Amino acid sequence: MSEEKIGNRYLVVLGAIIVQLCLGSIYAWSFFQSALNGINPITKVQDVGLYLWPSLYSQLPFAAGLASFALFMIIAGRWQDRVGPRKVATVGGILLGLGYILAYLIDIIVVTDGLVSTTDDAFIGMLFLILTYGIIAGAGIGFAYVCPIAALVKWFPDKKGTITGIAVAGFGAGALVFGYVEQYLLELYNVPTVANIGMPMLILGIVYLVFVVLGAQVLTNPPQGWLPDGFTPAPSTADGKGQDILPGEMIRTSTFWLLWLMFVFAATAGLMTLGNVKTAASAIDATADAVIVVGVMSLLNAAGRIVWGAVSDKLGREKTMVLMFLILAIGMFTFAYMSTISISWYAVMGIASLIGFCFGGNFALFPSATADFFGSKNVGKNYGVMFTAYGIAGITGALVAGPIVDTTGSYFMAFIITGVLAIIAVLFTLVLRSRRKGQ
């Protein structure tokens, strides 16, 4: 059922981009992570007057946010089918802003005499950020993320691939835009003798609340049956074996679990890098400009969503996945090697950007593969289930990096392990391809 009369569909694009840019700021967590680990945002060295959390503690709020994002996306996909994208995205904006605004209290809750000085303080603070930044704000991202995509596909049936790529690329570019904002705020509110996390969280929470809610107001569906002038849709054809499978049937197939594990392994490598690139780059080269490193990586992340999707239309999903996972593995092993030598941060930025480029491709390839194997009719519901792999990857990425870095003091083994996971994803893709040929 239509939500309103036909309007300017390009206004929906603008609203979608605004919403997705704000949601994509979750990828800029590494700036807050560095501050929680005690890295002074101005001097770029550890400062005893700031937070001094273990790496695992500073990883877990990010991991919780990704898991919450993936979980609530399933609920949002079903809900927005009933009530439309505007209401669901508005709820998402409110939750996202609320999570950040509540996180403002972190300094008050855990700081004693201007210092976060004990293990108990760090543990309590970690739990608080898991609840606020992770679960509440992550739920907001989950509610709002699916809405722009669902609306734009209906408004642009003549340009589905292009318009979806643009929307999802906006999410990938969010870390670039808000990485600069977060760095500026952390520097602005840096005081050597006190904690400095809360105020940047408060400001960002207000910004996200306002802009996501505003952007959500133009996310409407066209009237049922509406088509652009001059556009005649091709005759409807089923995908895969000619079946449109429901989620309950899908999860009982080995094909689903192969795809799901491939998504987990590939996303673990990308998310581990995104969550740690600022700290890892500084560890390799102390002169690294982390804002530029994260920004360029985010740009390539956004570009990868469009490029890999287009490549897969020409080469096929499985061939493209094999190529992308191989490049990802090479990037992870190269990053591991770089962590053992002295090398310019420009080289680090190049490899991080390559990893980001491949990571972004996941969000073009796995929705398409889900439609290929299980049909287009229920792809929204089915991809919501497939997307739980992303939430798991957020947790595994934190577990790979945090304990290893805390124990060894280096990112070497973390990148080696994720490189091996990318190789396993290649092998699973080959198994999937052979199964498809045999059918």
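At-a-glance table
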{"read-out": "In range of the label at Tyr180: residues from the range 289-315 whose backbone nitrogen is under 16 Å from the point 7 Å along Cα→Cβ", "value": "289-300"}
{"read-out": "Paramagnetic reach from Ser254 (point 7 Å along Cα→Cβ, amide N under 20 Å) across the range 398-439", "value": "424-439"}
{"read-out": "Amide H partners (placed H, <5 Å) of Asn196, local residues excluded", "value": "Tyr51"}
{"read-out": "For Ser410, distant residues with modelled amide H under 5 Å away", "value": "none"}
{"read-out": "Integer Hz, Karplus 6.51/-1.76/1.60 couplings in order for the range 14-19, x for Gly and Pro", "value": "4, x, 4, 5, 4, 4"}
{"read-out": "Under Karplus coefficients 6.51, -1.76 and 1.60, residue-wise ³J(HN,Hα) of the range 207-224 in Hz, glycine/proline x", "value": "4, 5, 4, 5, 6, 5, 5, 5, x, 5, 5, 9, 8, 10, 8, x, x, 4"}
{"read-out": "Sorted peptide list for 348-360, 321-333, 138-150, criterion being average Cβ within 10 angstrom, highest first", "value": "138-150, 348-360, 321-333"}
{"read-out": "In order through the range 260-275: 3J(HN,Hα) via Karplus (6.51 cos²θ - 1.76 cosθ + 1.60), integer Hz, x for Gly, Pro", "value": "4, 5, 4, 5, 4, 5, 5, 5, 4, 4, x, 5, 4, 5, 4, x"}
{"read-out": "Quotient of Cα Rg and 2.2 N^0.38 Å for the range 244-439, N being how many residues it contains", "value": "1.04"}
{"read-out": "For the chain, calculated [θ]222 nm from helices alone, where every DSSP H run of n ≥ 4 adds -39500 (n - 2.57)", "value": "-25000 deg cm²/dmol"}
{"read-out": "Among Asp229, Asp372, Asp285: highest mean-square fluctuation, GNM of the chain, C-alpha pairs under 10 Å", "value": "Asp229"}
{"read-out": "Difference of contour (0.36 nm per residue) and Cα-Cα distance, Thr287 to Ser344", "value": "19.7 nm"}
{"read-out": "Charged-residue dipole, Cβ positions (Lys, Arg, Asp, Glu), the range 244-439 about Cα centre, Debye nearest 20", "value": "640"}
{"read-out": "Mean Cβ count within 10 Å, highest first, over the residues of peptides 78-84, 210-216, 95-101", "value": "95-101, 210-216, 78-84"}
{"read-out": "Candidates Trp257, Trp29, Trp345, ranked by Gaussian network fluctuation over the chain, Cα under 10 Å, top entry", "value": "Trp257"}
{"read-out": "Directionally averaged projected area (convex hull, Cα atoms, the chain), nm²", "value": "19.7"}
{"read-out": "Choice from Met250, Met272, Met126 with maximal GNM fluctuation in the chain (Cα, 10 Å cutoff)", "value": "Met250"}
{"read-out": "The chain - percent relative contact order, Cα under 8 Å, separation 6 or more", "value": "25"}
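Readers should treat all values here as calculations from the given coordinates under stated rules, not as data from a laboratory. This is a predicted model, so every value here is computed, not measured. Because the Cβ atoms are built from the backbone with ideal geometry, glycine has one as well, and the counts that use them run over all protein chains shown.
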